[in-house]
Every structure is written in structure tokens, then in C-alpha cells.
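Worksheet: one structure, shown below.
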Amino acid sequence: MPGQPWAGGSSSRPATMPKTKPTLPDRKTRMKINYTSPERLRKIFAALDRLFPQAQCALHHENPFQLLVATILSAQCTDEQVNKVTPELFRKFPGPEDFVAVPQTELEREIRSTGFFRNKAKNIIGAATRIMEDFSGRVPQTMDALLTLPGVARKTANVVLGTAFGVANGVVVDTHVFRIAHRLQLSSQKTPEKVEQDLIKLVPQNRWISFGHQVIWFGRKICEARKPLCAECPLASECDSPDKTA
């Protein structure tokens, strides 16, 4: 079970928030700002290090296969809800051989509360079957091999590679990372895959794993989707997003 990575104090929302948005730089000024300058990137990295020095994956797991299943379940679902489902799920079905044997309808019942349960159940059973048949019962440790598993795209593969195996093959781009990359003007791309390619160019490889975890926690605790807590944000001076609340 991961420890608390939050080093920035209370995670609760302030009692009052400004109702008016600040004046943002005009278009000419914005065009002159180098959003990806080394100096600005260093400020972003330093702030994330101060806030989340021990950021970890929030999905509870005991081995790479459990992490793979939990990550598949996390699509369009909160990690908190996945963590409510997986303890009993993994008690009943500890390994890939157990998921191969379970009827899909039974697995659907077990994971129903995570949403999109039919497709997720199909993918989990398919991934477990492929792991047993093609990888001797072990989760593969390369991007190319992971992408052959049903239900696995680059985000899931990066989570498994980085968290389970310590392999920095890319940057995890979930909804939080996608949103914050745009708010901080680190990418203007429209797909997670293209945003990841932008981040790979900007973030040193030795930060790829930790950066993904830190930005995810940053998105949960401060840079929320609907009402970002800009008054608490150490990156407020580096951000001119139209979504700013302070």
C-alpha cells in the first residue's frame, strides 16, 4: 500500500475562493513567453519535488499482474473506487491462471462498480490468457510485448513498466497529466500519445516515472479539473491558463 506522497499540507478546499479570474497576458505577451525554457522547467520540477517527494502509484497491488489488472480497471474510474474493488477481487483471483478460469459474467459482477465492466472483464481475461500462453505466466517487461495484451495501451504499459519494473520507457499520460500539460503550456497536442511525446522531449528520462506520479497527485490535490486551487499552487506564477481561479 503506497504511503502518503502529499507534502503540501491540508488537501481540503479553502473555505473561500476568488470569484473573478485574474487578468492574463495578452496574445502578444503570451507569444513571447518561452513555456518550455530550461529555467521554467526547472521551476516546475522543483515545485513538484517539494510537494510530492515520494509520489507513488495510488493503485494498491502486490505484484505486476495485480497492477496490470488494477490499471485496466482504472480507465474512466477513480483509483479510490478501484482500490475498493481489488482487495476482494485479488483474494478470489490471485494470479493470471485464476482469471483465465473465471467466467466472464462472474468477473463482470465483481468489477461492475468500476464502470465499462463488460469490456474490462473481457480485456482482463484476454490479457491473463495471453500472459499464460505467450509469456509463461509472467507480465512482460517491454513496451512492445505489453501492447500485445488486450486492454493495454501506452498509459497502462507505462504504469506497469515504471511502477512494477522501474523501466522508464515513457511518461504516463492520464486525464490529470493531459490536463496539466495543457494548463502549463507543455503541450498543445490533442491525444495522450502525442502529449506523451512532447513530455518525453521536455522531461529528463530519469524523471519520466516520478514526473508522471507527481503530476497525477498534483492534479488530484491542487490543479483540479473544475476548480483548481490556484491560491495554494506554487506554480501559479508560472501559469497563465484561462482556468486560473486566483
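Only helical runs count toward this figure. For the chain, summing -39,500 (n - 2.57) over DSSP H runs of n ≥ 4 and dividing by all residues gives -14500 deg cm²/dmol at 222 nm. The stretch between Thr191 and Phe135, if pulled fully straight at 0.36 nm per residue, gains 17.1 nm over its current Cα-Cα span.
For the listed residue pairs Lys155/Lys194; Lys84/Lys155; Lys194/Lys244; Lys92/Lys155, the alpha carbons are over 20 angstrom apart in Lys84/Lys155; Lys194/Lys244; Lys92/Lys155.
Each Lys or Arg adds one and each Asp or Glu takes one away; over the other residues whose Cβ falls under 15 Å from the Cβ of Pro140, this sums to 0. Scattering from the stretch 84-183 was approximated by placing one identical point on each alpha carbon and applying the Debye formula without solvent; log10 I(q)/I(0) at 0.14 1/Å stands at -0.60.
Other residues with beta-carbon under 11 Å from the beta-carbon of Gln189 carry, at +1 per Lys or Arg and -1 per Asp or Glu, a net charge of -1.
Fully extending the segment from Asn34 to Thr142, taken as 0.36 nm per residue of separation minus the present Cα-Cα distance, adds 35.4 nm. Take 162-169, 208-215, 100-107, 120-127 and order them by the average number of nearby Cβ atoms within 10 Å per residue, most first; the result is 208-215, 120-127, 162-169, 100-107. At q = 0.08, 0.10, 0.14 Å⁻¹ the log10 of I(q)/I(0) for the chain amounts to -0.34, -0.52, -0.94, computed by Debye summation with a single uniform scatterer per C-alpha, solvent ignored. Dividing the mean sequence gap of close Cα pairs (under 8 Å, 6+ apart) by how many residues the stretch 111-162 holds gives a relative contact order of 30 percent.
Centre-to-centre, using Cα atoms only, the stretch 187-246 and the stretch 134-174 are separated by 22 Å. Stretching the chain fully between Asp98 and Ile200 yields a gain of 33.0 nm (0.36 nm per residue, less the alpha carbon separation). Relative contact order of the chain: 23 percent, from C-alpha pairs under 8 Å at least 6 residues apart in sequence.
We did not get these values from a lab; they are worked out from the coordinates using the rules stated. Worth saying up front: this structure is predicted, and the values here are computed from it rather than measured. Cβ coordinates were reconstructed from backbone atoms using ideal geometry, including for glycine residues, and neighbour counts include every protein chain displayed.
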